[in-house]
1. Return the pairs, sorted by first residue and then second, in which the second residue is basic (Lys, Arg) and part of a strand (DSSP E or B), the first residue lies in the stretch 38-54 and is more than 7 Å from the ligand (Cβ to nearest atom), the beta carbons are less than 7 Å apart, and the residues are 6+ apart or on different chains.
2. Does the stretch 60-71 include one or more residues that are within 15 Å of the ligand (Cβ to nearest atom), surrounded by fewer than 17 Cβ atoms within 10 Å (Cβ to Cβ) and over 26 Å from Asn165 (Cβ atoms)?
3. Going residue by residue through the stretch 312-322, is there one that turns out to be in contact (Cβ under 8 Å) with a residue 60 or more places away in the chain and either touching a His at 6+ places or on another chain (Cβ under 9 Å) or basic (Lys, Arg) (or both)?
4. Restricting to the stretch 19-47, what's the tally of residues that are part of a helix (DSSP H, G or I) and either of a type in the set (A, V, I, L, M, F, W, C) or touching a His at 6+ places or on another chain (Cβ under 7 Å) (or both)?
5. Give the residues of the stretch 108-122 that are modelled with pLDDT of 95 or more and either within 9 Å of the ligand (Cβ to nearest atom) or in a loop (DSSP other than H, G, I, E, B) (or both), sorted by residue number.
6. Of all residues in the stretch 156-202, which are open to solvent by less than 30 Å² (accessible area, probe 1.4 Å) and of a type in the set (Gly, Ala, Ser)?
7. Looking only at the stretch 207-250, which residues are open to solvent by 40 Å² or more (accessible area, probe 1.4 Å), more than 17 Å from Ala171 (Cβ to Cβ), part of a loop (DSSP other than H, G, I, E, B) and not polar (S, T, N, Q)?
8. Going by the structure shown, is Asp179 assigned by TED's automatic domain parsing to the domain that holds Asn232, touching a His at 6+ places or on another chain (Cβ under 7 Å) and not small (Gly, Ala, Ser)?
Amino acid sequence: MDKNIELYDITIIGGGPIGLFTAFYSGMREMKTKIIEFLPFLGGKVPYFYPEKIIRDVGGIPHITGEKFTEDLIKQAKTFNPTIVLEQRITGLEKLPDGTFLLTSSGGDIHHTKTVILATGFGTLQSVKLNLENAEVYEGKSLHYHIHKLNSYKGKHVIISGGGNSAIDWANELESIADSVTLVYRKEDFKGIESNITKMKNSNVQILNPYELVKLNGANKQLTSVVVQETNGGKIKELPADNLIVSHGFVIDLGPIADWGMQMRDGAIEVDHNMSTSIDGVFAVGDIANYASKLQLIAGGFNEGPIAVNNAKLHITPDHELKNIYSTNYEPLIKE
Ligand SMILES: Cc1cc2nc3c(=O)[nH]c(=O)nc-3n(C[C@H](O)[C@H](O)[C@H](O)COP(=O)(O)OP(=O)(O)OC[C@H]3O[C@@H](n4cnc5c(N)ncnc54)[C@H](O)[C@@H]3O)c2cc1C
């Protein structure tokens, strides 16, 4: 092993809300901390799926947008300057004879750590891509897989492809902002929540189903129109389009982590009351951690992180008393 690889106390895999809060608490316990995240940004599912949704079920925060919540979590996570590594997918784990771990990424990067906290959610998130010629040419400019800023669609002709909750939600949200919204869905029956479907049907959203996208027209990454066709091969229509939003679902993949030999339950990693997995020194928190009465809620994960950190510290220094510390009286934070 390269002797220049720095050894960390705690390496958190996954920079979602739970990984971020865990990093904050790890700093409070004076652990040398690293977060490794696959995506090019932090925040996990919150900015990925619902930056503009209001979150109302985190104690003490009556309501907050996903975006602001993520911003605050990142700020808090950075309090003790953890090392943050983006765009690396951790795939390998090797336990060394001295009990420390080597983590490897799919790109071949290596990380050395005394303990590991998995905060991976159900794995890396990737949207199902539009399977049409040249689709990738428009990606990021006029073809999107998520909506980050609703107002950027002001005055635009927007086409939404999909028939699930997200597609319908977006159609309803954009109806009053965009110049026109057309929802194209290849099936007869929508999959979303009934009240949202009714709202959409009673709105100005133009609904074309069962239709599917067959061609994209444009130049310089900018769409000008899309061609849609009835799924039975019938009628063809060309629709003006400034933006295309594709909501065909997503793939969540835990990848090789599922083969590290940890005990699994219902696709998640089984943990005990210490958040410890069946590999000594490896802990799991957030959506990926499973135990009796587990709730996949952010508020629950915020308790699991500190439990995992305290036990990781105990793993590193077994004679170290496991203690509660309160941020109120924590010297480095008092200046705030
Ligand atoms: C549409 C929607 C709305 C929701 N609304 C609410 C709500 O209002 N209130 C609430 O409490 N909960 C809500 N949830 C659930 C909440 O988002 C999750 O419980 C929460 O995001 C779990 O956080 P996490 O950090 O465990 O995982 P995630 O948010 O999934 O983050 C995990 C991170 O780990 C990264 N990762 C995964 N594998 C690797 C790897 N091998 N290497 C490196 N990085 C990796 C991923 O890229 C991801 O960024 C909602 C979920 C959805 C989908």
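1. That search, which allows pairs on different chains as well, returns nothing.
2. Yes; the residues of the stretch 60-71 include at least one that is within 15 Å of the ligand (Cβ to nearest atom), surrounded by fewer than 17 Cβ atoms within 10 Å (Cβ to Cβ) and over 26 Å from Asn165 (Cβ atoms).
3. yes
4. So the count comes out to 6.
5. Gly108, Asp109, Leu118, Ala119, Thr120, Gly121 - these are the residues of the stretch 108-122 that are modelled with pLDDT of 95 or more and either within 9 Å of the ligand (Cβ to nearest atom) or in a loop (DSSP other than H, G, I, E, B) (or both).
6. Ser161, Gly162, Gly163, Gly164, Ala167, Ala171, Ala178, Gly192
7. Passing the criteria: Lys221, Gly233, Lys235.
8. Yes.
The values are calculated or read from the model by the stated rules, or taken from the named source; none is laboratory data. From a predicted model like this one, the values you see are computed outputs, not experimental measurements. Every residue, glycine among them, receives a Cβ derived from its backbone with ideal geometry; neighbour counts consider all protein chains shown. These area figures cover heavy atoms from the full protein model, side chains too; ligands, DNA and RNA do not enter into them. Shrake-Rupley method; radii C 1.70, N 1.55, O 1.52, S 1.80 Å.
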